[in-house]
Amino acid sequence: MFVKSLDLLNFRNYETLSIEFDPGTNILCGSNAQGKTNILEAIYLAGTTKSHRGSKDRDMIRIGADESHIRMDTDRRGVGYRIDVHLKKGKGKGYAVGGVPLRKAADLYGFASIVFFSPEDLNIIKNGPSGRRRFLDLTLCGIDRVYMSDLSSYMRCLGQRNALLKEISFRSERISELDVWDVQLALYGKKITERRGRFIRDFSVTAAEKHLVLSGGKEKLELLYEPNAPEGDFEDLLLAGRDNDIRMRSTGTGPHRDDMAILANGMDLRPYGSQGQQRTAALSMKLAEIETILSEKNEMPVLLLDDVLSELDRDRQDALLAAIDRTQTIITCTGMDESVRERLKADRVFMVADGRAEAVSAPEAGAEEQTT
Ligand SMILES: Nc1ncnc2c1ncn2[C@@H]1O[C@H](COP(=O)(O)OP(=O)(O)O)[C@@H](O)[C@H]1O
Ligand SMILES: [Mg+2]
């Protein structure tokens, strides 16, 4: 699939924006804070219902406006789709495909496949577990609509249970109500744990293949699931942790506390990996994500690369450029060094400045960059 065009109204720093993409390689150039990442965020949101950085709806609506609208036109195997997203202050998102409103966000599944790659993704191993959970969730939501719907049910139950825990601290008679939420939480929590476990087993194999190549045949990568509450024990652990949860006024047990170990030749890269090993493994995981979508959905995802090429050395750039060659890519950069420009064939270049994006011909953009 590919993104044909994007139209924004009151999204982030854009009052209005209308942009048409090439099915090949697109580059968004511009100084910092001009709105490059915001364009990628809008595409990702329209394609997946989620912000890659987990932003709240109200933060994405342009300051001073009450609602925001994204329209994205895509082409999927020769068929055109129009996706509309409507953000309103204090309300849930509204989605429509081809003008027909969707009942729930998970119904958007199947209309777009998108992979977002940012410099933060390169730190996924170095940083804490929340980034790894985010990676798991975004990837799984991209290939499994049931997971997407279970995850949102789980998060809703978790929110309700936490609200009740806060209530209980000054109305202890409501403790009995916890039973109901525990049953629900365990129901969805087990599904999530089971699916994550199954996913990581398969994904580990794909990531290991990528990593073996990237490490010059030296490192065997392995991903291991670290569930906070193994499926069979969920209810028991929840009950055992209840007193503590009431004291802490939040739920300490469940997949929202999961983690994943990333090992190279048996060594846990989280505490022990060198910066280079950690980044190579992170890139392997990202390339494996592309591969997973390709095999699960039988189509190459659109790649959104946010300032990531400049973060990689030449060999790692080459590995990523090989993936770019096979699909539509939208790349942001503040400038691009000569060696990257030579190897990257840009089909369309936009200059982004102050909430506007203008298409320029590729050589012009090159000249512009040389002077900066
Ligand atoms: N809700 C919003 N309303 C208006 N401006 C916003 C909003 N959210 C972010 N911005 C502005 O968007 C700009 C950052 O855009 P971004 O896409 O991150 O820039 P970059 O080109 O560096 O990727 C900043 O100037 C920021 O103030
Ligand atoms: Mg940016």
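Since every read-out is calculated from the coordinates, none of them should be taken as a lab result. A quick note: this is a predicted structure, and the numbers were derived from the prediction, not measured. Note that each Cβ is placed from the backbone with ideal geometry, even for glycine, and that neighbours are counted across all protein chains shown.
Whole number please: convex hull volume per residue, Cα atoms of the stretch 134-236, in Å³.
Numbers: hull volume 11.5 nm³, N = 103.
So the per-residue hull volume is 112 Å³.
Computed over the chain, the alpha-carbon pair-distance distribution with 10 angstrom bins reads 5, 22, 29, 26, 13, 4, 1, 0, each value a whole percent. Indicate the gyration tensor shape class of the stretch 231-272 (rounded, prolate or oblate), computed on the Cα atoms with a ≥ b ≥ c the square roots of the eigenvalues: a/c under 1.5 is rounded; otherwise a/b larger than b/c is prolate and the rest oblate. In terms of gyration-tensor shape, prolate. Using every pair of separate Cα atoms, the Kirkwood estimate puts the hydrodynamic radius of the stretch 75-185 at 17.2 angstrom.
Can you sort Arg12, Arg201 by how many other beta carbons sit within 10 Å, fewest first?
Details: Arg12 20, Arg201 12.
Least crowded to most crowded, the residues run Arg201, Arg12.
The trypsin sites (Lys or Arg not before Pro) of the stretch 311-352 that meet both conditions, a loop assignment by DSSP and at most 13 other Cβ atoms within 10 Å of the site Cβ, are Arg326, Lys345. Residue by residue, the stretch 19-24 carries 3J(HN,Hα) couplings of 9, 10, 9, 7, x, x Hz when phi is fed to the Karplus relation 6.51 cos²θ - 1.76 cosθ + 1.60 (θ = phi - 60°); x denotes Gly or Pro. Pairwise Cα separations in the stretch 214-372 fall into 10 Å bins from 0 onward with the following percentages, short to long: 8, 26, 25, 20, 14, 6, 1.
Seen against the Cα atoms of the chain and their longest principal axis, helix 275-297 is set at about 90 degrees.
Sparsely packed loop sites in the stretch 4-82 (the GluC sites (Glu not before Pro) outside DSSP H, G, I, E and B with at most 14 other Cβ atoms within 10 Å) do not occur.
Here the residues Glu291, Glu342, Glu296, ranked from fewest to most Cβ neighbours within 10 Å of their Cβ, fall in the order Glu342, Glu296, Glu291. Computed from Cα positions, the angle between helix 129-143 and the longest principal axis of the chain comes to roughly 70 degrees. Here Arg58 and Lys166 are evaluated by their C-beta separation; at R0 = 30 Å the FRET efficiency comes out at 0.85. With a bin width of 10 angstrom, please list the P(r) values of the stretch 258-310 as percents of all Cα-Cα pairs, from the 0 bin to the one holding the largest distance. With 10 Å bins starting at 0, P(r) equals 21, 40, 32, 6. Looking at the stretch 129-206, the chymotrypsin sites (Phe, Trp or Tyr not before Pro) that sit in a DSSP loop and have at most 13 other Cβ atoms within 10 Å of their own Cβ are Phe170. Sort the stretch 1-151 into rounded, prolate or oblate with this rule: let a ≥ b ≥ c be the square roots of the eigenvalues of the Cα gyration tensor; rounded if a/c is under 1.5, and if a/c is not under 1.5, prolate when a/b is larger than b/c, oblate otherwise. Taking the square roots of the gyration eigenvalues as a ≥ b ≥ c, the stretch 1-151 is rounded. Between the helical axis of 362-371 and the longest alpha-carbon principal axis of the chain there is an angle of about 90 degrees. By other beta-carbon atoms within 10 Å, ranking Thr74, Thr49 with the fewest at the front produces Thr49, Thr74.
Can you show me the helix-derived [θ] at 222 nm for the chain, built from DSSP H runs with n ≥ 4 at -39,500 (n - 2.57) apiece and divided by the number of residues, rounded to the nearest 500. Walk me through the numbers on the way to the answer.
Details: 12 runs with 161 residues, N = 372.
The helix contribution divided over the chain gives -14000 deg cm²/dmol.
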